[in-house]
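K.L.:
Here it is: the structure, laid out below.
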Amino acid sequence: MITLVKLQTLFGDLAPRGMEQVFTDWEMLAGFAAKAECSPIVIASGIAEINRFMGPNHVVVETKIEKNSAGFGHIYFAFPNAMVIEIIGEMLMISESAREEKARSGLSKTDVETFQEMANLLCESWNRVFQDLDRNLRISQSVQDLRVSASIGSKSAVISRIPEGRVAWVPTKITSGDKSYTAMIVLPFGVALAVAEEFYATTDPRSATAG
């Protein structure tokens, strides 16, 4: 039986490992140096409960967790626009004034497409962690599964992309220099259970209902 304590223990180790690898790789590619502080995983009744933590302007990276090409279900990473702009700025060597203008005007389609490269690398980073832990899991990088969506006006990307229902989420504080950002990792509750069952080897994860 997967209990909340087991979920917290697993993701208390897995989430920091994954995000540490992400920021190590992002720094090598884009020069964006940051550290992530992951809080214990929380179970929420639905996305409205977690949406308020992100603020109105953010980006959601959406993909799937797989085992042997069979999907468990979706996983989501949400980052604020302010952080995404800094990453894009480092990648493209954009001036500070241009970054400030992007912060005022919002992310363009081109900005989102540029961040897609970082989303792809995020998947690679997590897959390296799964490999190091000797787990037959991977995060899909296929064009059919990997999607980057930005909030548009008052329309939250978290609300738009993450389906209704119970979710397990990891509140994450990202620090880069003197700036800090609020981010999150989100899994439908059934997907979190399937991942935990794979790690604890209690049942065949494919038997779990994954959202």
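K.L.:
Of the options L133, L193, A119, report the single residue whose Cα projects farthest towards the positive end of the charge dipole of region 62-211 (beta-carbon charges: Lys, Arg +1; Asp, Glu -1).
P.N.:
About the Cα centre, the residue reaching furthest to the positive side is L193.
K.L.:
Accessible area per residue of region 1-137 at 1.4 Å probe, in Å²? Each step should come with its number before you reach the end.
P.N.:
Numbers: 6580 Å² over 137 residues.
I get 48 Å² per residue for region 1-137.
K.L.:
Of the listed pairs K35/K173; K64/K179; K155/K179; K102/K179, which have alpha-carbon separations greater than 19 Å here?
P.N.:
Numbers: K35/K173 8 Å; K64/K179 30 Å; K155/K179 25 Å; K102/K179 17 Å.
Flagged as over cut-off: K64/K179; K155/K179.
K.L.:
Let me ask something else about it. Viscosity 1.002 mPa s, temperature 20 °C: Stokes-Einstein D of the chain from its Kirkwood Cα radius, in µm² per second? Before the final figure, lay out the partial values.
P.N.:
Numbers: Rh = 17.3 Å.
D = 124 µm²/s.
K.L.:
For region 78-114 and region 150-165, write down the distance between their C-alpha centroids in whole Å.
P.N.:
19 Å
K.L.:
Using Cα pairs closer than 8 Å and at least 6 residues apart in sequence, work out the relative contact order for the chain, in percent.
P.N.:
Details: 380 pairs, mean separation 66.2, N = 211.
Here the relative contact order equals 31 percent.
K.L.:
Here is a further query. In whole percent, how big is the carbon plus sulfur part of the accessible area of the chain, probe 1.4 Å, protein atoms only?
P.N.:
Working: 5060 of 10090 Å².
About 50 percent, which is the carbon plus sulfur part of the accessible surface.
K.L.:
Highest mean first, what order results for 131-141, 169-179 on Cβ atoms within 10 Å? Could you put the intermediate results ahead of the total?
P.N.:
Values: 131-141: 14.4, 169-179: 15.9.
Ranking, from highest mean packing down: 169-179, 131-141.
K.L.:
Where the only charges are on Cβ atoms (+1 Lys, Arg; -1 Asp, Glu), what is the dipole of region 4-201 about its Cα centre, to the nearest 20 debye?
P.N.:
On the way: 19 positive and 24 negative charges, 107 e Å.
It comes to approximately 520 debye.
The values are calculated or read from the model by the stated rules, or taken from the named source; none is laboratory data. Just so we're clear, the structure is a prediction, and the values are computed from it rather than from any experiment. Here Cβ is always computed from backbone atoms with ideal geometry, including for glycine, and neighbour counts include all displayed protein chains. Each accessible area value is taken on the protein alone, full model and side chains, heavy atoms only, with ligands, DNA and RNA left out. Shrake-Rupley method; radii C 1.70, N 1.55, O 1.52, S 1.80 Å.
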